[in-house]
Amino acid sequence: MKESSKHNENILEVRDLKTYFNVGEGKVVKAVEGVNFSLKRSKILGIIGESGSGKSVTSRSIMRIVDQPGYIAGGEIIFEGQNLLEIPEREMEKIRGQKISLIFQNPTTSFNPFMTMEQHLKEVYLTHKKGATKSEARKRALEVLEMVGIHNGAEILKKYPCEFSAGFRQRVFIAMSMILEPDLLIADEPTTSLGITLQAEIMEALCEAQRKTGISIIIITHDFGVVSQFSDSLFVMYAGKCVESSPKKDLLLKPKHPYTIGLIRSVPLLEERKSKRLKSIPGFPPNMAEEQIGCSFSPRCEFAREKCFKDTPELKKVGEEHFCACHYPVDYNVEDDTKLEG
Amino acid sequence: MEENNIIISCNNVKKYYPIRDGIFNRIKDWKHIVDGLSFKLEQGKTLALVGESGCGKSVLLRLILGLENVTEGEIYFKGKSVYDLSEMQRLTMKSEIGMIFQDTLAALHPRMSIMESLKEPLLLNGMKDRKQMEKVIIDTLECVGMAPDFLNRYPHQLSGGQLQRIAIARALIIDPQVILADEPISALDVSLQAQVINMLIDLQESRNLSILLVAHDLAVVRQIASDIMIMYLGTIVESGKSSDIYKNAKHPYTKVLLKAAPSISKGINNEPFHLDLKVGDTPNPENPPKGCSFCTKCMEATERCLLERPEPKEVSPRHFVSCLYV
Amino acid sequence: MKKSVKYICENKVFSIGIFIVSISVFIAIFAPWIVPYNPADAVPKIRMLHPFRDASHILGADYLGRDMLSRIIYGIRISLLISVASVLLSMAVGGIIGLLCGLNYPGPFDTVLMRITDIQIGFPFIVVAIIALSLVEATIPSVIIVLSLATWPAYARNVRSSTMSQKETDYVAAARIMGAKNGRIAFRYIGRNLLPTILPTVSLDIAGTMISESLLSYINLGLNPPIISLGNIMADGASYISTEWWLTGVPGVVILLIVLGFNFIGDNLQRKVDPLLNK
Amino acid sequence: MFTISLKRILQGALVIVCVTFISFMLLRIIPGDPARTMAPNATEEQLQEIRNQMGVNETKLVQFQKYISDLFDGNLGYSYFNNDSVSHLIIKSIPKTMLLVINSLVFSLAAGILLGVIAAMNSKSALDDIISGFAILMQSTPNYFLATILIMIFGVKLKMFPVMGYKGYSSTILPSLMIALPITAAVIKNIRSSLMEGYGQDFIKAAHARGIHSYRVLTRYGLRSALISLLNLIGNQMAVLVGGIFVAEWIFSYPGLGLETLNALFRRDYLMTQGAILVISSFFIIVTMIIDLSYTYLDPRLRKS
C-alpha cells in the first residue's frame, strides 16, 4: 500500500463498498451494492437519494458502526492512505470522533438525557486527548461553542439537553463533533426534523465551521434544495447503487441519468412554473430484499430499452469528472425543459 | 365575493392553554397558542397555512374540527357558527369535512385492517349494506391509485407512500366538500411527493373540493395553493394570492422565509445560506411579546414594534400585511 | 392455522409452555374420569409409600395412605379453576374500572378510584387474605374473590394508563371527527387495543395466583380438607418434612411445573397475539 | 420539583391514615372474641370485666378516637397476651425483620445487577439463556416451596444453617435467601431488558460514533438509565418483599415483626395487630414514596419539567 503524503488530493476514497443485511430465512438485503466515490480535502460532497437507497448505510459503513444484522461484505475505504476495513477495532475507536465524526438526524434523541452539556463535550475531549486537564477541555468546549454561534457558552454548559429546543441542540451537537478538529465530518440528514429558518441557521453554522477549519464534509439528505445549495459535488444513489456523480453545477444543469432527471423535474420550484402539475416518476422504489436484475431503475424509466432490463450498467465517464451508470445517458438541459415536454 | 360560496371562515379566533402550578394546580398563566386569527376559505379554492413548528397551525385545524373548544372568537361552517349547531346539523357537517393527519401511521388504528378503517366512515354515515360499501371503497382506492389487494393488510405493513394514499382515500370516501390536510407531504420522498401533489390537484378539479392545507415547505405550497397565509407565533403576519406573496412579499418574516427556503436554482448560482435574523431562541408562547409577534427576531424592529400590535393592512387587492412599517 | 403452527414451533420455550398448560387443563377437565383411585379412601398398608416404587401407586401415598397421584389430579383441578376464575374476575373488574378512570381522566371519579388502588397496594396480600378469610367462611367463591383482591389494582392501572395515552392519539381524533360517539370509541377503538397488552399479564397472573392460592392453603387458611388443593396436600406433608420429604416435594414440583408453563406462555404471548408485531 | 415532592408526601400521608382507619374497622368486625381467647375458661362476668379493661365495648368510633389520641403521644396501646406495651414489643422485633429486609435487598440487587449485566453483555450466547432460565424458574417457584427446598438442602442434609428460630446472624441466611430469590429474578429481567433496549437507543449509537470506548458506553450510558428503571422496579417489588417476610418468618418461625403480626392476628389481639399493620404498611408506603421521589429527582427530564 503506497504511503501517500499528507496533502494527498483525496482525503477519502471508497472503492466498490458492499454492505448487506441478512434478515433471516437466508434472505440478504443488499443495502449498499458496489458504491464508488472520492472526496477531495476540505470540499463538501452531497449524497442524495430517497429513503431505502442506502445513503445512511454508506455513512455508517465508513465509520464501521453498521447496526445489527448488517455487515460490510466487501470493498475498501481508504481514509488518508489507510484502509479502514482492515485496521483493528481499537485503532478504529481512536479514529471515530477524532478523525471522522458523525452528526445524527434527530437532535432530541442523540444526547444522553442524564448528562449535562459540559459532561458531553468534556468526555469526548478527555477520551481522545490522554493527559489533557479538565480546564483545557472546558476552554476548548467554549471555543467550539463560540464557533457555531453560541456566545453564552458558560451558562449553557451546566444545563441538561432536555432544557433546549431541537435547533439549539443540533447546534451544540455540531460543536461537539468539531471539538477534536476532525478531518472529515459526515452529516446524516442534519436538518430534516427542523423548520426552514432553523435549517438555514444550522446550515449557516456548518458553512461557518467549514470555512474556519477547512474540514471536508459529506452531507446526506433527501432534500434536493439543501444539498444543491450547500455542497461542491453531488452523488445520487438509487437502490443501493451510485447512479450519477459530478460537480454540482454540472449535475443540476445537465443531468445525464433518467432517475436524476426525474428527481429534478419532480422537485417543486419556488419560481413560477408553467403547468400546475409536476412530472412525477411513476411506480414505487424497488423492494431491496429481491434480487436486482439489470438496471434497478428500469421498471420506472421512460427511456428503458431491452438492454436495460438484462445487464446492470457500470459507472461510465460522461464528462469532466461526471460519471453516470446508464446504458443510454440522456443529454438533457434544465433550461429548455420543453425538450422533454413532448 | 358573494357570501354563499364561503365554506369555512373564522374571525378573531383565540386559543389559550392554561399553565398550572402549585399544589392544587391553580392556573398561573396562559399560553397563547392561537392569538386572534381571521380568514375565509372559498369553495373550490386551496388555502395554504404556512408556518414553522410551534406557530399553532395544527391547533387551528383541531379547532375547526371541533376537537377542541375556542377560547374566543367564532368559526363558521357554510355561514352557520360551528358551536351552536344542533346534533343533526353537526353530523351532516362532519360528513362534509375530510381530514388528513400529519402522521399517517398514527391516524390509522394499529389493529384494524385497512378494510375496516375505510369502512368506519361509511358505517358512521349510516351506510349499511356490505356490497355497496365494498364498491365505494374500491372506487375510492382506484382514484388514489391503490390496488384493492392491500385491504386486509395492517397499517404497519405498508410503506409511507401507500399509507399516505390510504389516508387520502379515507378522507375522500364520504365525498366531502372540504379537505383539511395537516402537512400531508412533508414525510414523503421527492418522487412520491410529486405523485401526491398531482393527485390532490386532480381531485380538487374533478370534485370541486376546497382544501385547507397546512405546510412548511414554500415550494410545495407554491405548486398547490391559490391563496397563502403566513403564520408566526399564533398570528397571521401576511395573507394573499400566491403570486402576490411570492412576487412582492412585504412582511419581514415572509421575506426571511423566502430567502431561507433552499432551492435548486439558488444552488446553481451558488447563493450561500444566509439569514438576517437576530440570534437567540424564538419567543415561546408562554409570554408572547406585547407588540408585533415577530419583533424579537425582526432585523428592522424598532421601539414601536415592541409595544404596538400591528393590524392587517390591505397593501393590494386581497393582500393583507400586519406590520407597522409597510 | 398452518402458518401459526409453524410460527409456534419456532419458539421452543413457548411450545413447552403450551404443552404443559394444555396437559394441566386436560387433567383439570377430565379429572373424575382419569383418576386411578378415589382420592379420599385411605389404605393404611401403603402409608408413606415412596414415589416410583410401586407400579400401582406411581407417585406413592400420603401419611394416611391415600394415593398421591389421584389427590394431585384433583388438586390441579381445584387450583387451576380457582386461579383462572380469580384472574378473569380481577381482569373484568380492573379492566372496567381502568377504562372508566382513563376516560374521565382529570375528573373526580378517576382520582378517587386511583387512591383506592393506592390504599389497596398499602396492605400486604397476606394480611388482607387473613382478615378477609376470617370474616367469611373459606368456600371456593370466597377464595376466588380474596385472591382477585390482590391482582385487580394492577389491571386497573394498566388499563387506565393505556386508555389515557390512547385518548390523545390521531385515530381516536379521526373517529371523533367522523361522528363516533364515546361508547363506540371506548369499546371499538380503545378496548380493541387493550387485549394484546392485557393478555400476556393474564398468563403471568394466573401463575402468581396459583402460588398465592397454594400459600393460603399451606398456612391452612384456604380451603378446608374435603376440598383437595395442591396447597392442602403440601400442608399435610409439611410436618414430615425432614423424613418423608416427598410428601411436600411432589405436589411442590407439580405446582412449579404448571406455573412455569404459564410463565413461558406469558413471556412470549405478546409477540404471538399482537398483529402489530409480526411484520 | 418542590411541589411534586410535597404533593407526593401529602398523598402518602393520606394513604397511611386510610390504611389505619380501614384496618381498625376491619379488625373490629371479624368474628372471634379476644377476651375468650385470652381466658378460655373464665366465667361470663370475668369476660365482661376483661372486655371493659380492653375497652372493646364502646362503639367503634369512640375506640378509634381513643386510639388516635394515644397514637399522638406515641403509645400504641397494651397487648394483653404478651402483657407488654405494643410499641415496646414492636421495637423489640423490628431490628430482626430489618435484618431480613437488608439482607434480601442487598443480595437481590447485587446478584440481580451482576447476572443481568452478564446476560445483556453476551445476549446471543447460552449464558444468557441459562440466566434467563434461572430467573423464570425463581419466579415460578412458590416461595414456601423454595423454603422447604432450602431447609432440606442447607438445614437437614448439609446442616450449614439453623432452620428454626433465631440463633444469631446465621439464622437470617435462609429466610432472606427465600425472600431475595424472586426479587433477584425480577431485577435480572429488568436490567437485562433495559440494557438490551438501551443499546438500540440513538444516544448510545452517537456515543459509540464519537469513539467512546464500548465498556465506558455500557457503564456511563447504559447502566445509568438501567439503574433508574431499576428504582422503579424496586418500588413495585416492595409488595413481594413484604409478602416474603411474612411467609419466611412463618415457615422459619423467625421471631420478627411478621410472625408477631400473624400470631396476634390469629389470637385476635386487636391492639398488637393494629400497631404491627400500621408500622409495616407505613414503612412500606414511605419507602415507595422515597423511591418515587428519587426516581423523579434522578431523571433530569422529570426534574426540570
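From a point 7 Å beyond the Cα of C:Ser239 in the direction of its Cβ, which residues of the range C:42-85 have a backbone N at a distance under 13 Å? Flagged as within label range: C:63-64. Taken over the C-alpha atoms, the range C:2-278 has Rg and Dmax values of 22.1, 77 angstrom.
Which number do you get for Rg(Cα) / (2.2 N^0.38 Å) in the range A:68-152? Numbers along the way, then the final one.
Working: Rg = 16.0 Å, N = 85, 2.2 N^0.38 = 11.9 Å.
Against the compact-globule rule of thumb, the ratio is 1.35.
If you take the beta carbon distance between D:Cys18 and C:Ile140 as r and set R0 to 25 Å, what does 1/(1 + (r/R0)^6) give as a FRET efficiency, to the nearest 0.05? Provide the component values of the computation, followed by the final result.
Working: r = 31 Å, r/R0 = 1.22.
Efficiency, from the Cβ-Cβ distance: 0.25.
Could you state the angle between the C-alpha long axis of helix B:190-207 and the longest principal axis of the C-alpha atoms of chain B, as a value from 0 to 90 degrees rounded to the nearest 10? Helix B:190-207 sits roughly 70 degrees off the main axis of chain B.
Overall, the protein assembly as shown carries a charge dipole of about 780 debye about its Cα centre when +1 sits on the Cβ of Lys and Arg and -1 on the Cβ of Asp and Glu, all other atoms neutral.
Chain pair A, D: how much accessible area is buried, both chains summed, with a 1.4 Å probe, in Å² to 100? Please list the in-between numbers first.
Values: alone 17430 and 16410 Å², together 31570 Å².
The A and D chains share an interface burying roughly 2300 Å².
Between helix B:114-124 and chain B, what is the angle of the helix's C-alpha long axis to the longest principal axis, kept within 0 to 90° and rounded to the nearest 10? Tilt of helix B:114-124: around 80 degrees. Per residue, the convex hull spanned by the Cα atoms of the range B:13-162 measures out at 190 cubic angstrom.
Given an 8 Å cut-off on Cα distances and at least 6 residues of separation, report the relative contact order of the range B:1-71 as a percent. List each step's numbers first, then the result.
On the way: 91 pairs, mean separation 23.3, N = 71.
Rounded, it is 33 percent for the range B:1-71.
Compared with the dominant Cα axis of chain A, that is its longest principal axis, helix A:196-213 is turned about 70°. Using equal-weight Cα scatterers in the Debye expression, the normalised intensity of chain B in log10 at q = 0.09 Å⁻¹ is -0.53. Here, P(r) means the percent of Cα pairs in each 20 Å bin from 0 to the largest distance; for chain A it is 28, 56, 16, 0. In the context of the full set of protein chains, residues of the protein assembly as shown present 43 Å² of accessible surface per residue (probe radius 1.4 Å, heavy atoms only).
Over chain C, what relative contact order in percent results from Cα pairs under 8 Å that are six or more residues apart?
On the way: 366 pairs, mean separation 65.9, N = 279.
Computed over chain C, the figure is 24 percent.
Neighbouring Cβ atoms from other chains, within 10 Å of the Cβ of residues in A:198-206, number 5 on average.
Once A and B are treated as a pair rather than alone, how much accessible area drops out, both sides summed, in Å² to 100, probe 1.4 Å?
Numbers: alone 17430 and 17050 Å², together 30260 Å².
About 4200 Å² of accessible surface is lost on pairing.
Under a no-solvent Debye model with one identical scatterer per Cα of the range C:156-279, what's log10 I(q)/I(0) at q = 0.18, 0.22 Å⁻¹? With no solvent term, the Cα-only Debye profile gives -0.95, -1.17. Peptide packing for D:171-178, A:309-316 was compared via the average number of neighbouring C-beta atoms within 10 Å per residue; ordered from the highest value, the list is D:171-178, A:309-316. Across chain A, C-alpha contacts under 8 Å between residues 6 or more apart give a mean separation that, scaled by the residue count, equals a relative contact order of 20 percent. The charge dipole of chain B, taken about its Cα centre with unit charges on the Cβ atoms of Lys, Arg (+1), Asp and Glu (-1) only, comes to about 260 debye.
Take each residue of peptide B:209-221, count the partner chain Cβ atoms within 10 Å of its Cβ, and average: the result is 2.
Divided by 2.2 N^0.38 Å, where N counts the residues, the Cα radius of gyration of chain D comes to 1.23. For chain B, the residue among B:Phe77, B:His319, B:Ile168 whose Cα projects farthest onto the positive side of the dipole built from Cβ charges is B:Phe77.
So what's the net charge close to B:Cys10: Lys and Arg +1, Asp and Glu -1, counting the other residues with Cβ under 9 Å from its Cβ?
Details: positive: B:Lys40; negative: B:Glu74.
Residues close to B:Cys10 contribute a combined charge of 0.
Distance between the pseudo-spin-label points of D:Leu71 and A:Glu146 (7 Å out from Cα toward the beta carbon): 6.4 nm.
Size check on the range C:177-231: the Cα extents along the three principal axes, sorted descending, read 59, 19, 14 Å.
Run the Debye formula on the Cα coordinates of the range A:194-318, all scatterers equal and no solvent, and tell me log10 I(q)/I(0) at q = 0.18, 0.19, 0.20 1/Å. For the range A:194-318, the Cα-only Debye profile gives -1.12, -1.20, -1.27. Scanning chain D for DSSP H helices at least 24 Å long along the axis (C-alpha atoms) with a Kyte-Doolittle mean no lower than -1.0 picks out D:2-29, D:86-121, D:173-200, D:224-251, D:270-298. With a 10 Å cut-off around each Cβ of B:109-119, the average count of Cβ atoms from other chains is 4.
For the protein assembly as shown, report the % of Cα-Cα distances exceeding 64 Å.
Of the Cα pairs, 21 percent sit more than 64 Å apart.
Electrostatic bookkeeping for B:Gly56 treats Lys and Arg as +1 and Asp and Glu as -1; over the other residues with beta carbon under 11 Å from its beta carbon, the sum is +3.
Evaluated at 10 °C with a viscosity of 1.306 mPa s, what Stokes-Einstein diffusion coefficient in µm²/s does the range D:150-277 have when Rh comes from the Kirkwood expression over alpha-carbon pairs? Kindly include the intermediate steps, with their values, before the conclusion.
Values: Rh = 17.7 Å.
In µm²/s, the coefficient rounds to 90.
By the Stokes-Einstein formula, at 1.002 mPa s and 20 °C, the range A:113-160 with its Kirkwood radius over alpha-carbon pairs has D equal to 197 µm²/s.
The values are calculated or read from the model by the stated rules, or taken from the named source; none is laboratory data. What you are looking at is a predicted structure, and each value in this text was computed from that prediction instead of being measured. Positions of Cβ are generated from backbone atoms using ideal geometry, with glycine treated the same way; all protein chains shown enter the neighbour counts. When the accessible area is computed, the model is the full protein with side chains, heavy atoms only, and any ligands, DNA or RNA have been set aside. Shrake-Rupley method; radii C 1.70, N 1.55, O 1.52, S 1.80 Å.
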